[in-house]
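A quick write-up on the structure given underneath.
The values are calculated or read from the model by the stated rules, or taken from the named source; none is laboratory data. Computed from a predicted model, the values in this text were never measured in an experiment. When we count neighbours, we look across all protein chains shown, and the Cβ atoms used for this are built from the backbone with ideal geometry, even at glycine.
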């Protein structure tokens, strides 16, 4: 229907740090060669507008998927900042008490020199408001958002009708979800009426526990 709103949330492809299952948030790495080769560049989806995080890995994935679309950059779509834990793996951090505290109580602890979950949530909410404000001004019905695992999890936790927390969503590199509102007027502040996965590359084993 013409009054439906269809928004696909895509996570970028693999980087070198994704391949070794390391935390990558604020570090601006490009796609790895494997990441580039895994992206399915053949798409029949007629997206009217593409929003993207400003990070290289997102912009490169956008260019591969939507070569004829110049993305609208939304700074708030950047991944959470892991501070001094950037580039480190679970095995490298697991014996640090501060890290174990953060895994157990992510809203009470923050990575050293990183971003708190509360600040992250507020930032994502602002980015979503900016996007929906732009959509309200136009008659877009099919929208793509290229971003990061943490951003997608946060949006799904707040928008989906499925009762699931931030940490229960599986968003592997190159994966994503499609959200559909059956009445476009509801897009600003209501849950979507349909949600399904929309992978853009092959599934990768062992990726579900890492944000980005």
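Among (1) more than 21 Å from residue 153 (Cβ to Cβ); (2) surrounded by 15 or more Cβ atoms within 10 Å (Cβ to Cβ); (3) in contact (Cβ under 8 Å) with a residue 60 or more places away in the chain, which single condition is residue 46 missing?
Just one mismatch for residue 46, condition (2).
Restricting to strands (runs of 3 or more DSSP E) lying wholly in region 133-198: which have 3 or more residues that are at pLDDT 80 or above, within 28 Å of residue 70 (Cβ to Cβ) and touching a strand residue (DSSP E or B) at 6+ places or on another chain (Cβ under 6 Å)?
Details: elements: 142-147, 176-181, 194-197.
In region 133-198, 142-147, 176-181 are the strands (runs of 3 or more DSSP E) which contain 3 or more residues that are at pLDDT 80 or above, within 28 Å of residue 70 (Cβ to Cβ) and touching a strand residue (DSSP E or B) at 6+ places or on another chain (Cβ under 6 Å).
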